[in-house]
Every structure is written in structure tokens, then in C-alpha cells.
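See structure below.
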Amino acid sequence: MPRKPDATLGAPVALFVHRRTAFLPGILERISAARPPRVFVFADAPKDGTSDAKNCAAVLALIEDWACPCPVEISVAPQNLGNSERLRSGIDAVFAETDRAIFVEDDVELSPSFFPFCDALLERYDDTPEVMMISGLNPLDVWPEAPDAAGYHFSSLGHAQAWASWRRAWARTEGALMRWQLDGASSRLAAALRDEEIAEERRGLYDAVTAGRISSWDYEWALARQLDHGLCAVPARNLALHRGNDPGATHVRRSALLYRLGRLHEHTLPDAPPPALEADRRFDRIVFELGHDRVSASSARHLAGRLIDDGRRLLAVALLRHAMADGGADPETVRMIHAALKSAGASAGIGGTEQG
């Protein structure tokens, strides 16, 4: 997609808003600085019988007062559609007009590098059907850790709060739930994920969506990608933080260990891509464990070592203790906790209160 003369990005940006204002000014600032050729804003209407109206009006006031240097098109739902339908319908509307786009929800914080990263990979993988999504979220904060690694890697998972994709990939969501009910779909999913525990968890989610017990557009999006063995590109250094997992959230109201590791980084995309179009299975495994607060001792030690090197020793201790609570104490983990507490200047033992 050619850039307009006054645009920095090649791809348009779609922003989804509802009732949250806390992070919206920062998001609008990032979009303005990125200068996309076009901005779509999709707002859901307040729910009847709730106090949403005032908050939704405040959100729209921020959008209307926004001095964006790019063309902005605002679409307000005539009635409350709910999070899933508002996102799905908005994405459909975007891809009815463009072949690629960057999508952001209203409860994220973004690195200045997020939009250029997505835009560069949208161009690089435009004609690569195996790559179906680009995410700005690296929930492990920094990965991979090899000094000669590319600036991104691939995952069979992928977080869709700040992301990008193409019309060709999104079109695969059409009929994904019907495909899930066909013979062989479960085996195809297992072959894509190559981790039986992750596959079993996904089967339960997709069965619940198919039966109507869960309404979630991003589960259908993930299903479509995984049935086609699609890959999600993930930055080596995290470029977006999802702040929506709190008591006021629509779906995720708890903060798992997964959401405590990330920070925002600057990121320069190197010329060399990853050596192969395949998912990093170790990355996917650790993300799965942390997302379910069931981190194994080996995964905990791996991450704790990096946290300690980064000066985040007490967070490393919390992670290691959590792993021991699930799997029991082992000498290597105990030694690592003692060393982290000692280097942090804390005097508490394994069962005591952290200090320092």
C-alpha cells in the first residue's frame, strides 16, 4: 500500500473505544506521532440501565477534540453491541476498505516503536500466507535472548489488543467455527500447537465458543489462525502493555503472572528476519504457563535469571516461590531464591516476608 505524501505509515490504524479514558490520551498521542494515512475510530454505545453513558460521552469528547494530523472517521454504534461484536464488525468494516491495518484497543500503553514495527512487518509479509498476524505484545518482556537473534520471532498464539493483519488472513475467520466441528479439526489444532496441554485448553475454549457459552471474537480469530497453522510475529522487546485486566474489565478481571513482567521498549527492526517460518515452542510454552499461573520450576528459573540480571530481584523471588508452591521445593530453585534475596539486601528466609 503506497504512503500518502503526508503519512509516515503505509497502513491505516483502527482504534476501538468504549468507556475508558485513562489510557486514551496516550494512545491518541502515539497515533498522531505515527501519522497513518487514515484512522478509523469505532465506539460502542453505552449499555442500557448502566452508568456507562457519562464515561462513553467523555471518550467521544476526547476523540472529537483530538487534533489529529490524519483523516479520522468515527463510527458510533447506534446501540450497545458488546465488546465482541463491536470489534468483529469494526474489523470487517476496515477490511472492506483496505487490505491491511493496525488495530488498537483503548486499554493499552504503546511504545513509539509499535506502529513502525507493525507497518514494516505488514509490508515484509504481505505475500506470505503462513504469517497471519503481528502482535505488539511480548508478554515475556524480552525474547528471544540470543544476541544474534532477529528482532522478532513467531508464535502459534498471539495477543490481540495491539496488533496488525491483512484482509487475506482475517477472511479465514469466516466459517472457522464450522470448520472446528469437522472431523480432523482437533488433530489439526494439535499439530499446529505441538503441545498437548495447550491444545487441550484451546479445545475447551473453542468448544465453548461453538456452543455459545462464550462470545469472544479473538478466540474465533485464534482458531482460524491455528487451524491453518498460521503464525503471529512477536517483537523481541515488548512494544505494548495491556492494562485492561482489572475488576472493571469486560473479560479478564485478574492479573496473572504473565501481566507483571512486561515493560515498554524502543525497538529497531533489523534487516534479517528469523531463519525459519516456524513458531518458537519454548516461548509459547512459557507464555501458556504464566498465563495460567502454573509456571514450571524450569520456566521460572529461566525467567528469574533474566529478572535478577535486570535488577528486578523481588519479582524474581515471587516468581520462583510461586513455582515452588505448585511443584514443591527443589535445591536449585531454593538456592536461586536465597541468592536473589541476598543480592537485594533482604533478610527474610524462604517462608518469610520479602524486604528491600
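The values are calculated or read from the model by the stated rules, or taken from the named source; none is laboratory data. Keep in mind that this is a model prediction, so the values were computed, not measured. No Cβ is skipped: glycine too gets one built from the backbone with ideal geometry, and neighbour counts run over all protein chains shown. Side chains are part of the model used for accessible areas, which takes the heavy atoms of the whole protein and leaves out ligands, DNA and RNA. Shrake-Rupley method; radii C 1.70, N 1.55, O 1.52, S 1.80 Å.
Structural remarks
- Degrees between helix 281-291 axis and first principal axis of the chain (Cα, 0 to 90, nearest 10): 90
- All Cα pairs of the stretch 150-222, percent lying beyond 17 Å: 49
- Accessible area of the chain belonging to carbon and sulfur atoms, whole % at 1.4 Å probe: 50
- Among 208-218, 26-36, sorting by the average number of other beta carbon atoms lying within 10 angstrom of each residue, highest first, gives 26-36, 208-218.
- For the stretch 72-120, the calculated P(r) over all alpha carbon pairs, in 10 Å bins from 0 to the bin holding the longest distance, is 19, 48, 30, 3 percent.
- Axis angle, to the nearest 10 degrees, between helix 52-64 and the longest C-alpha principal axis of the chain: 70 degrees.
- Set the Cα radius of gyration of the stretch 77-192 against 2.2 N^0.38 Å, with N its number of residues, and you get 1.19.
- Gyration tensor (Cα) of the stretch 129-251, equivalent ellipsoid semi-axes in angstrom: 25, 18, 14
- Helix 331-344 vs. the chain, principal-axis angle (Cα, 0 to 90°, nearest 10): 80
- Assigned charges on the beta-carbon of Lys, Arg, Asp, Glu; the stretch 39-94 dipole about Cα centre (debye): 100
- About its Cα centre, the dipole of the stretch 51-184 is roughly 340 debye, where the only charges are +1 on Lys and Arg Cβ and -1 on Asp and Glu Cβ.
- For the stretch 1-96, pairs of C-alpha atoms spaced more than 15 angstrom apart make up 61 percent of the total.
- Given charges at Cβ of Lys, Arg, Asp, Glu: the chain dipole, positive-most of 28, 57, 300: 300
- Against the rule of thumb 2.2 N^0.38 Å, how large the Cα Rg of the stretch 188-232 comes out: 1.08
- Most fluctuating residue given options 239, 182, 15, as computed from a GNM of the chain linking Cα atoms under 10 Å: 182
- Charge dipole magnitude, Cβ of K and R +1, D and E -1 - the chain, Cα centre, debye nearest 20: 540
- Using just its DSSP H runs of length 4 or more, each adding -39500 (n - 2.57), the chain gives a mean residue ellipticity at 222 nm of -12500 deg cm²/dmol after division by all residues.
- More than 12 Å apart - percent of Cα-Cα pairs taken over the stretch 41-97: 70
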